[in-house]
Each structure stands twice: as C-alpha cells, then as structure tokens.
Amino acid sequence: MGVLGELEPKPVFRFFEEICGIPHGSGNVEKLSDYLVSFAEERGLFCRQDEMKNVIISREATPGYEKQEGIILQGHMDMVAVKKPDCDIDLKTDALKVAVEGDYIYAENTSLGGDDGIALAYALAILDAEDIPHPHLDVVITVDEEVGMDGAKALDLSDVKGTRLLNLDSEDEGCFLAGCAGGASVRHILPVEREERKGTLYTCRICGLLGGHSGGEIHKERGNANSLAGRLLEAVSKVTKIGICEMDGGLADNAIPREVVLRFIVSEKEDELEEAVRAFEKTLRTELSTKDPGVRIEMAKETDAAAYCLDSASCEKVKKLLLIMPNGIQAMSADMHGLVQTSLNNGIMKLGEKELNVITSVRSSVASEKEALITRITAITELLGGCVEVTGDYPGWTYQKESSFRDLCIKVYEEMYGKSPKIQAIHAGVECGILLEKRPDLDCISLGPDMKDIHTTEEKLSVSSAKRVFEYVCRILAEK
C-alpha cells in the first residue's frame, strides 16, 4: 500500500499516487501518456493517442443515461516540475516523494503536480468504477499545458461526442471559472560580448522569495528575483566597475522566480561594493516585508580569480534590459472588481556565452492589450540591439451570459452545500478558450479542489477538498 493508501476516496488517491510515480514535467510526458493508454486498453475502452501524446478515452453511458447529453472531463497531464536547490531528485526520471501532513498532500522538496494530476485521478477513478452512473463520457487529457497549451492547440476533437465540458484545472473549491485570460511566451535574446578579466569574483544570490503562479498569484505583487537582479546590478555598478560572468534565475516562464544567481568580477572598491549589496538587501526587506518577508541576499567571494566576463558595453545593455523591462500587473479590469486584466512575468533568465535569454509570460483578458504589451517589450529589446521570439500564443475564454451547463453545476452545488458557488473569470489561463475555438458548441465550466502554492515546492493539495469535489463531480454526472 502506498503513502496515500488510507485516504478517501481510495480509488482517486491510488491513481494520484501512481501518477506521482511517473515523471511528467512539461515536455516529459510520454511515459504518463502511455500509462493512460494502457489503462484504457486493459479495460476495453476506446482510446486515441495522437502524435503530441494527447490522450482521449471514451466510455459509453451507463444504463438509463443513454439519452443524456454527453460530458467531457478535461485536464492536462504535465506539471510544472520544480525542486529546491539542494534536492537530489531528478524530475526527468525519478518519482515524486509524496507525503501527508494533516489535511494536505505535498511532495518532499519538489512541486506536487496536483495541478493537474488530480484531474487525471478523478477521471481514471470514474472510468474504472462500476457504481458511478453517467452519460457518455469523453476524457480529454492534453500535454504541455503549462508551456503554452501546445497539446490543446494540436488536439483533434472530431470523434468527441460530448458537448458539456467540465475542465478540472482549477484550485479553489467553490469557485467556478467561466472565463480566463489569453497569453503568450516571449523570449528576449540580447547578444553580448565577453572579455577576460581578473580580480575578486563575487557570487550574489537573491533568494527567500515566495514566488508563485504568474497568473493566479500575480496580484500578490511578490518580488520577482530576475527583475530585482537588475536593481542589484545598478546598485553595485554605482560604486565600482563590474564584469558579469553568470546570471541564472527562474525555472518556468509562468512561475514567479524565487531566486537568481549573479556572478561578477571586480578589481577595486570591494568594501564599497559589499556595503552596496547590504544596503540593497535592507531596502528589499523593507519593501517586501509583508509580501516576501524571507527575502535575503547571500554573498560569497573568491580572490585572485579570472573569468571571461561581459565587456562594459554588454554589462550596460544587460543591466538596462532588466531595469526597464516591465513586470507584474499592467492593468486591472474595470468590469470585474479585483480581476487582473493584463500582466507579465519575467520568469526565466539565463546568460549564455554569446547571448542573454529572458523568457516572459504575457497574459491579458483583452486581446488587443496582450498584443500591445508584446509590441512594447519587443521594442525595448530591439532598442538594446536584441530580438524576440513569440511562442505559445493562446486565446482567452470569453464569459458567456447564458450557459445551461453552468446553471446545472450551480444547482447541484447549492443542493449539496447549501450555498451558491462563486462564478469568476481569472487571470490565469485554462484550455477552454482553445477548445472552444475548435468546438464552438461546447458549454464549458472549470472547477477543482483546494490547492496552495501551485508551481512551487510548497504546493499542497487538500485531502478533504479533493474528496468533496470528487463527490460533487459524480453528482453532476448522475444528474438527468
């Protein structure tokens, strides 16, 4: 019996633990995709796996439900696979080390992948059961949702019979999503030149930040380590000339980076440089005392060092790019109180031998604002002599005033819980917008159990909430 073997509902957590045992970070989903195919074949269910490794599994209606409108259960198989710096787990090959503390499941030193492993666990438990009544079911599991929704874009829905789509990719029980932002990933490429320099080599690490999901938690205005790196470079450049050797921050464009490592060589005014670093650290602690109370700068040095560093002109370009590149909330919605309308997140930064790469996630519920922001940050990079590549562009999901499936979900929720759910649009992206472009006849809603700190090593899934939401989904399927 696994770690989750005693948790209820047992079938859900049995499948969830099996999923956690199969590496499935974005771009590394083949084994999990094949596992889903084997599951279907063993049970004699219709199954289609496409070239992208998307999987569709269908099951006919149970007796008495043959005339009911079909339902699509939909989620994605990839997770944002991140780990703590001192973790020795290889997320491309190793199983997650799941554990339970109180009401929460987590993974030791890594992200958990409750987003969206719980959707798969729900779907497999329902497909496997003989005592859950339902209409015709299509289970649609996509790949690489977390890196641009490429699986959904390539998906063929021609053999999917259902017209009511239940997306299981939300993280707040009792909040039903009925709209979302569109987005894109923008890679900024800035050419650099290097030269050999000698002196004292400093390693500075901005760390202790909370990070989080760049859509769901961007409104918390937590510190972005990559953006803060520009300010640190400006602070030390004011007191002495530096030669940047290394810059490395962030793990995913849609995760707010929690730490960044900077290495640079100086040949004079070391005391003043160290004072500047400590002064900037004090400034950050004041600015982020509530939002990121653990922020700190770790500093180490190595004397009599030599390295190939960026030349003066390249150092200046890199510093300016980070200083003037916008980050965070750019506009709030005037129509829905509290909803972020447009934002961006400088999620990944990596300095190579000949170029600096910064990958930014852009989001907006207004398509024209998304395009305007991409144009703006493109202009910034081009003015500094660089270029950009835009990938993973996906549409938003426009709120529909009339939805019979949403009305049904609300009715069942009120009967079970004695209160009404919240109906929201969110700043994060879900795949409904892309699927609606392919099948405009779909009637969509998105929901899920309580999760905390998705896309981070502090990710947690509520056991009790997962149980309640599973029971609720089964009630939806049983409605006539």
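The values are calculated or read from the model by the stated rules, or taken from the named source; none is laboratory data. These numbers come from a predicted model, not from an experiment. Glycine also receives a Cβ, built like all others from the backbone with ideal geometry; neighbour counts cover every protein chain displayed. Surface accessibility is based on the protein's heavy atoms, side chains included, excluding ligands, DNA and RNA. Shrake-Rupley method; radii C 1.70, N 1.55, O 1.52, S 1.80 Å.
Quick notes on this one:
- Subtracting the Cα-Cα distance of residue 270 and residue 238 from 0.36 nm times their residue separation leaves 10.3 nm of extension gain.
- Remark: region 434-446, residue by residue, has Karplus-estimated 3J(HN,Hα) of 5, 5, 5, 5, 7, 9, x, 7, 5, 10, 10, 8, 10 Hz, where x stands for each Gly or Pro and the curve is 6.51 cos²θ - 1.76 cosθ + 1.60 at θ = phi - 60°.
- Between residue 367 and residue 308, the modelled labels are 4.6 nm apart [label points 7 Å from Cα along Cα→Cβ].
- Counted charge near residue 130, where neighbours are those whose Cβ lies closer than 12 Å (Asp, Glu -1; Lys, Arg +1): 0
- Of the solvent-accessible surface of region 108-190, computed with a 1.4 Å probe over protein heavy atoms with every protein chain present, carbon and sulfur atoms account for 43 percent.
- Protein heavy-atom accessible surface, 1.4 Å probe, per residue over region 166-263: 29 Å².
- Computed from the alpha carbon positions, the gyration tensor of region 315-425 leads to an equivalent ellipsoid with semi-axes of 40, 14, 13 Å, biggest first.
- Per-atom-type breakdown for region 1-103 gives carbon and sulfur 49% of the accessible area (1.4 Å probe, protein chains only).
- Å² per residue, accessible surface of region 1-105 at 1.4 Å: 50 Å²
- Length-normalised contact order of region 265-416 in % [C-alpha pairs under 8 Å, at least 6 apart]: 12 percent
- Label-point separation in nm, residue 332 to residue 200, each point 7 Å along Cα→Cβ: 4.5 nm
- With a cut-off of 14 Å between beta carbons, the residues surrounding residue 200 carry a summed charge of -1, where Lys and Arg count +1 and Asp and Glu -1.
- Entry for percent of Cα pairs over 35 Å apart (calculated from the structure that is shown) out of [x] 35; [y] 29; [z] 40: [x]
- Carbon plus sulfur fraction of accessible area for region 363-480, probe 1.4 Å, in percent: 51 percent
- Beta bridges per DSSP, both residues in the chain: antiparallel share near 80 percent.
- Environment charge at residue 343 (Cβ cut-off 14 Å; Lys +1, Arg +1, Asp -1, Glu -1): +1
- Accessible surface area normalised per residue over region 309-430 is 48 Å², counting heavy atoms of protein chains with a 1.4 Å rolling probe.
- In nm, spacing of pseudo-spin labels at residue 301 and residue 286 (7 Å Cα→C-beta vector): 2.4 nm
- Across 92/320; 31/161; 198/354; 161/422, pairs whose alpha-carbon gap is larger than 31 Å: 92/320
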